[in-house]
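Readers should treat all values here as calculations from the given coordinates under stated rules, not as data from a laboratory. Predicted model, so just to flag it, every value in this text is computed and none were measured. Reconstructed Cβ throughout: ideal geometry from the backbone, glycine too, with neighbour counts over all protein chains shown.
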Amino acid sequence: MDSGQFTAEPSSNDTAEREFDVIIAGCGPTGAMLAAELRLHDVRVLVLEKETEPASFVRIVALHMRSIELMAMRGLLDRLLKHGRRRPVGGLFAAIPAPAPKDLESPYACLLGIPQPVLVRLLEEHAVALGARVRHGGTVAGFEQDDEGVTVELADGERLRARYLVGCDGGRSTVRKLLGVGFPGEPSRNETLMGEMEVGVPPEEIAAGVARVRESRQRFWLRPFGGEVYSVVVPAAGVGDRAVPPTLDDFRRQLRAVAGTDFGVHSPRWLSRFGDATRLAEHYRVGRVLLAGDAAHIHPPTGGQGLNLGVQDAFNLGWKLAARLGGRAPDALLDTYQAERRPVAEDVLDNTRAQMELHATDPGPRAVRRLLTELMDIDEANRRLTEKITAVGIRYDFGEGPDLLGRRMPDVEVARGSLYGLLHRGRGLLLDRTGRLTTGGWSDRVDHLADPTAALDVPCVLLRPDGHVAWVGDDQRDLDGHLSRWFGEPTG
Ligand SMILES: Cc1cc2nc3c(=O)[nH]c(=O)nc-3n(C[C@H](O)[C@H](O)[C@H](O)COP(=O)(O)OP(=O)(O)OC[C@H]3O[C@@H](n4cnc5c(N)ncnc54)[C@H](O)[C@@H]3O)c2cc1C
């Protein structure tokens, strides 16, 4: 990143409703999280969401450790816990049965299962409470960018202006397509039907039928979901047009083809279809337009990582975009978003490719699965794969330095309670055991906690607003260089 001279973003005219600092296309988990992160820094943000109603599917998604930590860092975790169900971290990679690795450094070492629409609602409420504006029924249909900003055109012809546009509009992203950014990768080869419905046969008959099919197939289940309702997953091979929503008859036909019976399914709650396409955007940023979440990367849901990846993109991007808008940071700070997050997505795409192979039922993949199952007894192997899925193993490349540099800071104890409790406002933090250092001209954006009792085995760490370690040391001049690198020019 260039820490040299830079100019502040020109301030936009305050023409009330039509001009914003940032317009976000899409109020899924990524867009809602990004809006909230931007509001922590008073950025005027509008989220345009094409749907007028919440999603009809109520699929339960897994929030993994790093996302759970991020929710704790913003004071959101208690709210989420009320709506989710916790389960231990273990058996995450390709569902290979394995216990949680020893000594996972986090009090948040669990998986939180939560219905996606509930999570989206909570994140949207959080963003709105912080002052974000969300417009439902607003579809981004076009845009043009120039040196000062982006003019966004809605499907109804309305035009709005912002200094940046972020496409958080999902895998079929309009923003990405209009931007002309390539989305290379593999097309979907395995389509799957997923839904919730009632069944017409006794539970024992279902259990026996499922066990028989699963001897030779992984992508198949009927799981009790509560009351009479079952969650049903069955391959979609042969079911017509993927752009058309599946019907109950499609489910019946596929169940009969795979299991020899349709288990008397009826009264569907919701029906959906998904594929295993794996693609990564060539660029995350073109000028004043950026991409985040599924708009930038798609992959099969194995391991439950897509939503986590998107939420973490938002955490990485929010404070950088805010710093740029506030005129405190060079344009190059925004480029670190792609430099840091694209390799993370590349790694997730690779691990899902590997997991998909391990789910195959041919003799070769089954042999590899048996071998890997054996290797999972080695704690270090289990840890490495668990850290990939949970995203706690990420280390951004901040240059030479101790192992902690570039990693996420675990929630350590400090005299004032928990470290994450000090990060709710999304500011930087200097955690200083020496008591000799100062944040000087950066104190308007970086907090300083001098605490000789902090549970650190290094003298001081400088944390970015996303909780990653930006510096480790005890020298003021060195610290100043890093404050300037990540937080821009000092004031005063
Ligand atoms: C079966 C299944 C299970 C999954 N399980 C997990 C899991 O356990 N854990 C996990 O991390 N991930 C999981 N995922 C993946 C996860 O659902 C996605 O990665 C996540 O929804 C991506 O969030 P997003 O906000 O980036 O995009 P989306 O959720 O797709 O949101 C995009 C939003 O943009 C809106 N939009 C689209 N176009 C426009 C436009 N032109 N203008 C305005 N708005 C627009 C859409 O209406 C939508 O609300 C699963 C996926 C599937 C299919």
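Things worth noting here:
- Paramagnetic label zone (point 7 Å from Cα along Cα-to-C-beta, Ser267; backbone N under 16 Å) in the stretch 176-217: 196-203
- Ordering of 47-54, 89-96, 453-460 by packing is 89-96, 47-54, 453-460, highest average first (other Cβ atoms within 10 Å, averaged per residue).
- Anisotropy class of the stretch 192-274 from Cα gyration tensor, a/c 1.5 cut: oblate
- Rg/Rg_globular for the stretch 413-487, with Rg_globular taken as 2.2 N^0.38 Å and Rg from C-alpha atoms: 0.97
- Principal axis dimensions, the chain - Cα atoms, whole angstrom, descending: 76, 58, 38
- Modelled spin-label separation between Ser216 and Arg366, with each label point placed 7 Å from Cα along the Cα-to-Cβ direction: 1.0 nm.
- Taking Cα centre as origin and charging only the Cβ of basic (Lys, Arg, +1) and acidic (Asp, Glu, -1) residues, the dipole magnitude of the chain rounds to 1060 debye.
- With contacts taken as Cα pairs under 8 Å and at least 6 residues apart, the stretch 413-487 reaches a relative contact order of 31 percent.
- Computed over the stretch 192-274, relative contact order equals 46 percent, with contacts defined as Cα pairs under 8 Å that lie 6+ residues apart.
- As a calculated quantity, the FRET efficiency between Thr491 and Phe225 at R0 = 60 Å, using C-beta atoms, amounts to about 0.65.
- Relative contact order computed over the chain (Cα-Cα under 8 Å; 6+ residues apart), in percent: 18
- The protection proxy used here, the mean number of other Cβ atoms lying within 10 Å of each residue, ranks peptides 384-395, 367-378 as follows, highest first: 384-395, 367-378.
- All-pairs Cα distance distribution in the stretch 374-464, expressed in whole percent, bin size 5 Å: 3, 12, 18, 20, 19, 12, 7, 5, 2, 1, 0
- When the helices of the chain are scored as -39500 (n - 2.57) per DSSP H run of n ≥ 4 and the total is divided over every residue, the value at 222 nm lands at -10000 deg cm²/dmol.
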